[in-house]
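J.: Before we start, here is the structure in question, set down as C-alpha cells.
The values are calculated or read from the model by the stated rules, or taken from the named source; none is laboratory data. Not measured: the values here are computed from a predicted model. Reconstructed Cβ throughout: ideal geometry from the backbone, glycine too, with neighbour counts over all protein chains shown. All accessible areas refer to the heavy atoms of the entire protein, side chains included, with ligands and DNA or RNA removed. Shrake-Rupley method; radii C 1.70, N 1.55, O 1.52, S 1.80 Å.
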Amino acid sequence: MSEYLFIRPNLSLPRNYEWFAYDDASGNVLSSGHVSSIEDFARNSIASPERMIALLYPASAVKFTTITYPEDDFIDDIEDYSVRVLNKQGTNYDVLIYKHNELINIEKALYMLGFPVDIIVPDVLTLPLPGKNDEGITGCMMRLGNSWLIRDSKNSGKEVPNEWFDLFVAGEADNHKYISLSELPDNLQDKWKEELVESPYAVLAEGAIKNRLNLSTKQRKINYHIKFIRSWSKVAVMIILMLILWFMNISYKTKAITQEASDYRNQQRTLLSQIINTQNRVDDPVAKMREIVENSSPIGTDEGFVDLAKIITPYISSKRDIEIVSLKFERVRKQFTIQFLANESFDTDKFISGLSPDFTGSIIDTKPSRDRKLSTVQLRRTKQ
C-alpha cells in the first residue's frame, strides 16, 4: 500500500475537515483541500478503495501530561475520557488523555461513508524529534494553516493559534529552543533554528505512517486478537507441562504443592501478626484480615481526599456550564485546586460561595482560552 488519504478535523465551531492524499512510495502529496462536513468526502469522491485512511487528531482536542502513580488527586467522574500510557519511567507515566466518544463518533461516521480508518495519531506527534547533533534543542514546530503545531518532547505537544504565538514565545524560557520547519518571525531568526520543508503535509504523512502510536478501533481489535491467541497458546503449553509433570511423578508434585501452600499460609500468619500486633495464632489469616477491614471505618475519620471529594463532587457535577480541566488535592491543608473552563459571564465568586460553609476559597488566576475563560480557584476545608 503506497497511497494514503489523511484527514485532520477541526473540532471547534465552525467545523471543517482538512485533507490531503499522499503517495508513500514517491513521497509526494497528490492533492489536498477542505470540506465542511464528513458527508462531503463521499459527495466529492475524495477517497478511493486502494487508499488507506489516516486520521490526524488535533492536539487541541487531547491533553499530554505526566502523572505519578499512585496518587490521590484524581476525580471519579472521568467516564468521558480515555488514557493511553505513552511511556513509563519508574512511577512516572507520560499519558495521552482524549475524549473517546468524540473520537469514536468521527471514526464511525467515516466508516459509514465507506472510509474505514486505519491510522489515528495526534497531529503533533507526527513532527520529527531533534537529532543527536541538535544539542540544546528541546522540540520541533511547524506552521499549518492558522496554527502552529509544537512538539515539545517525545510524548507531548500542543497546538497554538497564530494570534497566540507571541504569547507562547514570551512564555518560553531561554533554555527552550526549537527547530522550526516553517519560516519564523524576524525576532526569532537568531533565537531558534530553521529547517524549512517544502510540504508540511508530507511531514505529517511520514510521521503518521511511521508512528508506533495508533488510536484506531481497527488497531485495538488487531491487538486484542493477537493477545487472545497468545493467551490461549500459553494455556496450551501449561496444560502440556502439567500432564508431563503428572505422569513423571504425581506424588512428588502433590507433596511439593502441599508444602508450598503450608509455607505460604505461615507467611500470611506472620504478616498478619505484625499488622495487628498480636502473638495469638490465627488459623485463617485472609478471613481475619477481611473481618478487620469490614469492621473498620476509614471514611469519615480523617477527612482525606475521598471524604472531601464526596462533599465537593456533587456540587461541581451540578454546574453544567463549566468544564473541569484539572483537580488537585493537598492532604495536609485539606485544600483543592480546581482549574475549569467557563463562559466569560460565569460568576466565579458565586461558584465559590456556593460551597459555604463546608469550604472557603479564592480565585488564583483567570485568563482567556479561545472563546472562554480558564479559571483557577483554591478551596480549603472549613474547620468543623
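J.: Suppose each label sits 7 Å from its Cα in the direction of the beta carbon; what would the A202-S2 distance come out to in nanometres?
T.: 1.5 nm
J.: Moving to a separate point now. If we count every other residue with Cβ under 9 angstrom of D94's Cβ, Lys/Arg +1 and Asp/Glu -1, where does the sum land?
T.: +2
J.: Calculate, axis by axis, the spread of Cα positions in the range 1-66 along the three principal axes, and write the results as whole Å, longest axis first.
T.: Principal-axis extents of the range 1-66 (Cα, largest first): 36, 32, 17 Å.
J.: I would also like to ask the following. If I model a spin label at F346 and T66 as a point 7 Å from the Cα along the Cα→Cβ vector, what separation in nanometres do I get?
T.: Placing both labels 7 Å beyond Cα along the Cβ direction yields 2.9 nm.
J.: Just add up the charged neighbours of L196: K/R +1, D/E -1, any other residue whose Cβ is under 13 Å from the Cβ of L196.
T.: Taking every Cβ under 13 Å from that of L196, the sum is -2.
J.: Distance between Cα centroids, the range 179-221 to the range 138-163: provide it in whole Å.
T.: First find each Cα centre; the distance between them is then 8 Å.
J.: Here is a follow-up. Grab the other residues whose beta carbon is less than 15 angstrom from that of E3, score K and R as +1, D and E as -1, and report the net.
T.: -4
J.: So for each of 60-66, 33-39 I average, over its residues, the number of other beta carbons within 10 Å; can you give me the resulting order with the highest mean first?
T.: 60-66, 33-39
J.: How much length, in nm to one decimal, is gained on full extension between E135 and K108, taken as 0.36 nm per residue of separation minus their Cα-Cα distance?
T.: Full-extension gain reported as 5.4 nm.
J.: List, in order, the whole-Hz ³J(HN,Hα) value for each residue of the range 308-321 obtained from phi through the Karplus relation with A = 6.51, B = -1.76, C = 1.60 and θ = phi - 60°; use x for Gly and Pro.
T.: Values per residue, Gly and Pro as x: 6, 5, 5, 7, 8, 4, x, 5, 5, 5, 6, 8, 6, 9 Hz.
J.: Please calculate the 1.4 Å probe accessible area of K210, with all protein chains present, and give it to the nearest 10 Å².
T.: My reading of the accessible area for K210 is about 150 Å².
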